[in-house]
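Notes for the one structure printed next.
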Amino acid sequence: MARALITGVTGQDGRYLARLLHGKGYEVFGLVRGQNNPKIDILHRELPFVTVLNGDLLDLSSLLRAFAASDPDEVYNLGAISYVAYSWENAMLTTDVTAKGVLNMLEALRLHSNGDVGRIRFYQASSSEMYGKVQEVPQSESTLLWPRSPYGVAKVFGHYMTINYRESYGMHASSGILFNHESPLRGPEFVTRKISSAVARIAADLQTTLTLGNLDAQRDWGFAGDYVDAMWRMLQQDEPDDYVISTDETHSVREYLDLAFARVGIDDWSPYVEQDPQFMRPAEVDLLIGDSTKARERLGWKPTISFEQLVHMMVDSDVARVNGTAVEH
Ligand code: NAP
Ligand code: F7E
């Protein structure tokens, strides 16, 4: 039975990935931080097959203990401070976790493998936020990186450190440059879930106003369930590499609002939506659209959920939650 260690197992992607790997017959270990993390209950309830290991990306000794306890064949480093807006308020913590945390994981793998680094495959969760002020449209693996937030800068560090460990030590370390991916498990701070949960509450007369920032930003939004499959495919390749994972379509926040409100029968959302400068960013990423040709050709990967299906899935899930008829995702 292959063994996988996932950091960030309590997050959106960690939960989808744990289920995918379990379905493929893996023994799954998940790193969870803190002395009484409230999300442990979710793991025990929804993913009872995950062996929980206590540890923190900031603490190399805890990572070494997690490697010793799991002795993994594959490691998926999904743990991070991932909310871009928060990264300006906490730039140093973001750097410690999202940048240096990657180095801690690579070092823990190197030390644990005792000179045989090739036997453990490593996945790094890189991000389209690294493109920031985009230098090319669409963005591919060779596009120049120009991050626009402390989060983006931290991800660039993790990305190049992963490449450096691959080149320096012959590590089977791959980096997935994933564009935005969403689901009913998306954190409520991100714009898609903020909108879907507000739309459900507005439809139920529980809320009257949704306050947002920049409605003109454009993102390449896909479904998280599709994207964790791409992570797994990367680690099944003979050679490690870097891959863009995206739908290769872009949509604005306004388009998301159109589809989300229409799903509950509201064609004109303008009376419900306000803008507030507090949700604007010091430096915005205006346009993201990926070119995932390499992943499609080499990994045989492609997205299965369209933008419209994604919006409907998220709104329907939040409507069910509000009505008390929620189903598991
Ligand atoms: P998420 O829901 O925010 O999950 C982040 C995870 O990191 C949580 O499990 C969190 O644990 C954990 N974490 C935070 N600080 C930690 C620390 N000090 N030590 C150990 N774990 C820590 O993020 P996601 O959407 O699943 O994304 C997964 C990864 O992909 C992240 O690295 C993210 O930056 C990257 N990414 C995401 C997207 C996207 O669109 N979703 C796109 C590109 C890249 P707690 O539950 O304890 O907070
Ligand atoms: O913002 C705009 C905001 O916070 C999307 C993370 O998973 O994907 C995610 O980062 C856009 C931005 O995601 C609000 O200004 C408008 O232009 O949902 P978001 P993100 O910043 O793109 C990347 C790939 C990651 O790697 C990250 O970890 O929506 N926007 N009004 C708003 N955004 C939020 N959050 N809240 C608003 O009220």
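Points worth noting:
- Residue in the stretch 149-165 that is touching a residue at least 24 places away in the same chain (Cβ under 8 Å) and more than 22 Å from residue 7 (Cβ to Cβ) present: no
- Contact map, the stretch 176-203: first residue over 19 Å from residue 303 (Cβ atoms) and assigned by TED's automatic domain parsing to the domain that holds residue 76, second residue open to solvent by less than 20 Å² (accessible area, probe 1.4 Å) and more than 11 Å from ligand 2 (Cβ to nearest atom), Cβ cut-off under 6 Å, separation 6 or more or different chains; the map is empty.
- Condition broken by residue 37, with the remaining ones in (1) within 11 Å of ligand 1 (Cβ to nearest atom); (2) within 19 Å of the chain's Cα centre (by Cα) satisfied: (2)
- Matching residues in the stretch 19-34 - criterion: being away from ligand 1 (no atom under 11 Å from the Cβ) and either closer than 23 Å to residue 104 by Cα or outside any helix (DSSP H, G or I) (or both): 24, 25, 26, 27, 28, 29
- Selected residue [within 15 Å of ligand 2 (Cβ to nearest atom), part of a helix (DSSP H, G or I) and under 21 Å from residue 29 (Cα atoms)] from 118, 101: 101
- Counting the residues of the stretch 26-39 that are open to solvent by less than 70 Å² (accessible area, probe 1.4 Å) and more than 19 Å from residue 69 (Cα to Cα) gives 1.
- Pairs with Cβ under 8 Å, 6+ apart, first in the stretch 30-47 and farther than 21 Å from residue 61 by Cβ, second surrounded by fewer than 16 Cβ atoms within 10 Å (Cβ to Cβ): 46/328
- Screening 85, 66, 4, 80 for residues that are in contact (Cβ under 8 Å) with a residue 12 or more places away in the chain, open to solvent by less than 20 Å² (accessible area, probe 1.4 Å) and not in a strand (DSSP E or B) leaves exactly one candidate, 66.
- Applying the condition of being hydroxyl-bearing (Ser, Thr, Tyr) and in contact (Cβ under 8 Å) with a residue 60 or more places away in the chain to the stretch 105-131 and asking which residue is surrounded by the most Cβ atoms within 10 Å (Cβ to Cβ) yields 131.
- Residue-level check: of (1) away from ligand 2 (no atom under 12 Å from the Cβ); (2) open to solvent by 40 Å² or more (accessible area, probe 1.4 Å), residue 228 misses just (2).
- Single residue of the stretch 202-225 satisfying the filter (of a type in the set (Asp, Glu) and open to solvent by 50 Å² or more (accessible area, probe 1.4 Å)) that is nearest to ligand 2 (Cβ to nearest atom): 216
- All positions within the stretch 175-201 that are of a type in the set (D, E, K, R) and within 10 Å of ligand 2 (Cβ to nearest atom): 182, 186, 189, 193, 194
- Inspection of the stretch 66-76 identifies no residue that is assigned by TED's automatic domain parsing to the domain that holds residue 234, under 20 Å from residue 225 (Cβ atoms) and of a type in the set (Val, Ile, Thr).
- Which listed residue, of 102, 134, is surrounded by fewer than 24 Cβ atoms within 10 Å (Cβ to Cβ) and either of a type outside the set (A, V, I, L, M, F, W, C) or out of contact with any Lys or Arg (no Cβ under 7 Å at 6 or more places or on another chain) (or both): 134
- Taking the stretch 285-329 as the range and being open to solvent by less than 50 Å² (accessible area, probe 1.4 Å), among the charged types (D, E, K, R) and under 23 Å from residue 257 (Cβ atoms) as the test, only 318 passes.
- Listed conditions (1) over 30 Å from residue 237 (Cα atoms); (2) within 20 Å of the chain's Cα centre (by Cα); (3) within 10 Å of ligand 1 (Cβ to nearest atom) are all met by residue 56, apart from (1).
- Looking only at the stretch 264-296, residues that are in the same structural domain as residue 254 (by TED's automatic domain parsing) and part of a helix (DSSP H, G or I) come to 3 in all.
- Residues that are under 12 Å from residue 156 (Cβ atoms) and among the hydrophobic types (A, V, I, L, M, F, W, C) were ranked within the stretch 123-144; the one that is farthest from ligand 1 (Cβ to nearest atom) is 144.
The values are calculated or read from the model by the stated rules, or taken from the named source; none is laboratory data. Keep in mind that what you see is a predicted model, and the values were worked out from it rather than measured. Backbone-built Cβ (ideal geometry, glycine too); neighbour counts: all protein chains shown. These accessible areas exclude ligands, DNA and RNA; they are computed on the full protein's heavy atoms, side chains included. Shrake-Rupley method; radii C 1.70, N 1.55, O 1.52, S 1.80 Å.
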